[in-house]
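Comments concern the structure below.
Taken together, the values in this text are just the output of simple stated rules run on the coordinates, not laboratory data. All of these numbers come straight from a predicted model, not from anything done at the bench. Note that each Cβ is placed from the backbone with ideal geometry, even for glycine, and that neighbours are counted across all protein chains shown.
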Amino acid sequence: MCDDCGCHGPSLMRPLPKTRKIDLNLPVLQINQDHARSNREFFARHGVRAVNLISSPGSGKTSLLQALARRLGPRLAVIVGDLKTDRDAVRIRDCGCQAIQIETNDACHLDARSVETVLEELDLSAVELLVIENVGNLVCPASYDLGEHDKVVLLSTPEGDDKVLKYPSIFSRVSTLVLTKMDLLPHLDFDPERAETECRSLNPDVECLRVSSRTGEGMERLEAHLLGGPTLLHNRDKILAARQRRPTVLREG
């Protein structure tokens, strides 16, 4: 899995090797933070809102993005993180927006540098929202800032309403909790109020939304929330207008 977070580290089955302490006078995640800062500057220059989408495998991230792609078309772009294959990126592209795949080769999360390496591959001239679909995992992605404006976590109804307090690291850090697969609610023992209440006990300011990619329930509200409202669009228009007014510099000779 991941050397940074300790997934590769010693366990009861693997005794601790002999080690020596080296003081680097740097925070453990400082290199990642430097790349995250670069990504934020990139998003600001292009007037794009970036969202880090996190969940367990199978919670409906790709289906949700397919539904958003059908609604937003070229206004949406997606970076997809998976261990192998570009299947999710292909599914999303087929729904009408740009999608780029990052194969992490067994790494259990994306980091800011991996995102930075593919940003220039995107044509952002018409894009308002960039969603980074992280690797399916509720543990490691919690610690890695990708330069996003919002960290969004999905919790699907089949997963159970008791998951929030089992994974406090991620649910305490997100700006938005999205309950997915709400069309299955009548068939499951899932209490949305419990999941939302327990998330607010960790994170009082979290925004809670309920959606179904299949029926369209809640998608309009989610779309507006992810786009960030009129403020972001106003700022984007100012950036694009400034680009058009930029004078052409002629070289002598």
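Data for the structure
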| item | result |
| --- | --- |
| Cut-off under 5 Å, modelled amide H: who pairs with GLN101 long-range | VAL80 |
| GLU207 paired with LEU185, simple spin-label distance in nm, labels 7 Å along Cα-to-beta-carbon | 1.9 |
| Prolate/oblate/rounded call for the stretch 46-192, Cα gyration tensor, a/c under 1.5 rounded | prolate |
| Phi-based couplings in Hz for the stretch 36-49 (Karplus 6.51, -1.76, 1.60; Gly and Pro marked x) | 5, 4, 4, 5, 4, 5, 4, 4, 5, 4, 9, x, 10, 8 |
| Additional length obtainable on full extension of the chain from VAL90 to SER38, 0.36 nm per residue less Cα span | 16.0 nm |
